[in-house]
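What follows is a single structure, written as structure tokens, with notes after it.
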Amino acid sequence: MASPLSSSLNPLDLQTLITTYLHEDCPGPFDLSGYVVGPSPKTAHLYLKSPGYLCGIPFVNAVFAHLSCTITWFTSENLPPSTSSYTSLPAVEGPASNLLLGERTALNILSRASGVTTEANRYAKRAKELGWSGKISGTRKTTPGFRLVEKYALLTSAVDTHRLSLSHMIMLKDNHINSRGSITEAVKAAKISGFTTKIEVECSDYPSALEALRAGADIIMLDNYTEGCEEDAKKLKLENKKVIVEASGGVTYETLEKFCTESVDIVSVGKLTQGYPCLDFSMKLQKE
């Protein structure tokens, strides 16, 4: 069963994405390998072969629906990892050639989406163990063409996604600031977007963070801090208790404790969508 979040996926985007994935794997007019098995009706089972959280069900459903196959799941997304090393997940029924046409695309989606969710849950669990009340977040360091799946995988776990895209929020980094001449001028220009759009500014020290706060930024990112993150975050909260403080840059599972502190609201981690471990899946056609 898919996460409740799946119902909010734009069906047009989903269909376009899946069509693109399938066409990438079979760009020619013929599936020559599919000719070998033919269109006879078959049943296939998908298996999870390594421990982790399952994710990617709505995308896999869309793959097989596009190929006129039906799928029945025996489990749900984001349940605690199975201890079994070979867990049967869904049964898929349809023409043998179509099952195999969708096989690799479906497995690639499951492998990567489940990898993101498993890693995200690992970080979220660690933050909870630390007694931190803030939120772990992903970043925009996603795989080109695979962003929607990776962002979905984050949302189904216990973390946030940060920006879904450049249209989601204004984030002013060093290049934006340098092109405008100052943080104050960059924030001033950003306010043309209106009151519904939050503005975040990336800052590498307290003076720049304070300038951003006083210019009217909603979120201050303390970027690439090795020391002093909590101290500067606390000072910003004393200046304006409503400001959201984010810590980012070089955060790993091992260093998470340094950033999950009282005055930090968000810790963003690029590794959740960049370099995450993939899970192992396979598909087997059942013998008659």
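The values are calculated or read from the model by the stated rules, or taken from the named source; none is laboratory data. Since the model is a prediction, treat every value here as computed from it, not as a measurement. Glycine gets a Cβ as well: all are built from the backbone with ideal geometry, and neighbour counts include every protein chain shown. For accessibility, only protein heavy atoms count, side chains too; no ligands or nucleic acids. Shrake-Rupley method; radii C 1.70, N 1.55, O 1.52, S 1.80 Å.
Some notes on this structure:
- Within segment 164-185, being more than 22 Å from residue 142 (Cα to Cα), in contact (Cβ under 8 Å) with a residue 24 or more places away in the chain and of a type outside the set (Ser, Thr, Tyr) holds for 177, 183.
- Residue count for segment 236-252, restricted to those that are over 14 Å from residue 223 (Cβ atoms) and of a type in the set (S, T, N, Q): 2
- Top-ranked residue of segment 175-194 - restricted to ones that are under 27 Å from the mean Cα position of the chain (by Cα) and over 23 Å from residue 144 (Cβ atoms), ranked as surrounded by the most Cβ atoms within 10 Å (Cβ to Cβ): 190
- Some residue of segment 61-71 being free of Cβ contacts under 8 Å to residues at least 24 places away in the same chain and either not in a loop (DSSP other than H, G, I, E, B) or not basic (Lys, Arg) (or both): yes
- Yes/no for residue 5 being open to solvent by less than 30 Å² (accessible area, probe 1.4 Å), aliphatic (A, V, I, L, M), touching a residue at least 12 places away in the same chain (Cβ under 8 Å) and out of contact with any strand residue (DSSP E or B) (no Cβ under 6 Å at 6 or more places or on another chain): no
- Being within 19 Å of residue 168 (Cα to Cα) and more than 21 Å from the chain's Cα centre (by Cα) holds for only one residue in 199, 266, and it is 199.
- Qualifying residue in segment 221-232 (condition: more than 30 Å from residue 104 (Cα to Cα), open to solvent by 30 Å² or more (accessible area, probe 1.4 Å), in contact with a strand residue (DSSP E or B) (Cβ under 7 Å, 6 or more places away or on another chain) and part of a loop (DSSP other than H, G, I, E, B)): no
- For segment 144-164, a residue qualifies if it is assigned to a loop (DSSP other than H, G, I, E, B), open to solvent by less than 60 Å² (accessible area, probe 1.4 Å) and farther than 21 Å from residue 267 by Cβ, and the qualifying residues are 145, 146.
- Condition check for residue 214: within 19 Å of residue 253 (Cβ to Cβ), among the charged types (D, E, K, R), open to solvent by 30 Å² or more (accessible area, probe 1.4 Å) and in a helix (DSSP H, G or I): no
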